[in-house]
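Notes for the one structure printed next.
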Amino acid sequence: MENTFKECLWKNFAATIDMLHNVIELCPDALWRKKDKFFYMSYHTVIFLDYYLSYPVKAFEPKLPYTLLPEHELPSEAMDDVFPNRHYSKEEVLSYINLARKKSEGLIGPHSDKDLTAQWIKKSEIGLHGLCPSIVEDYSLLEILFYNFRHVQHHVAQLNYILRSKANVAAEWISQAE
């Protein structure tokens, strides 16, 4: 049953990552270059996708660095205090998504030997990167994977909404990944 569960989780989680990739890839260059909600939401989604896939958390090394900014310094379009160090290209973000997909397969793929009941983050790792919301501090690896899955899917839907309203396009639904 464990292999069946991991395979099902992998196919669905990877489909969500693929949908994130597709919605960003579909974004017109003119919209991407703007410093607006689409860019900041894309960055937010990718950085947290990677962070929540980090096990152990101390090994997290963001490929697209960020700075934690006080609220009064954030532009109105920013998602949160995790602010990208620069306006990354669409290709950089898509490449980062590909790395996160590989990372997720190593963590939850059907051949992974990770114990999904293990504690995701150690107490000593909580403040390391400034990204750990208190609501996930006690999550198991399985719980953080589901949380991550829902987080990415939530933002994919928002990004698709922005694309529909600003560019009259939207990415297709992916039912399962290979």
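List of remarks:
- Among V136, V93, V152, residue whose mean-square fluctuation peaks in a GNM of the chain (springs only between Cα atoms under 10 Å): V136
- Within a Gaussian network of the chain (alpha carbon springs, distance under 10 Å), most fluctuating of H72, H155, H21: H72
- Our note on the geometry: Cα centres of region 107-178 and region 1-63, 7 Å apart.
- Candidates S124, S140, S54, ranked by Gaussian network fluctuation over the chain, Cα under 10 Å, top entry: S124
- Proximal charge balance of I174 [Cβ under 15 Å; K/R count +1, D/E count -1]: -2
- Extension gain, L68-E137: 0.36 nm per intervening residue step, less the Cα-Cα distance, totals 22.9 nm.
Laboratory data are not the source of any read-out in this text; all were calculated from the coordinates shown. Because the structure is a prediction, the values reported are computed rather than measured. In this analysis, Cβ positions are derived from the backbone assuming ideal geometry, glycine residues included, and neighbour counts consider all displayed protein chains.
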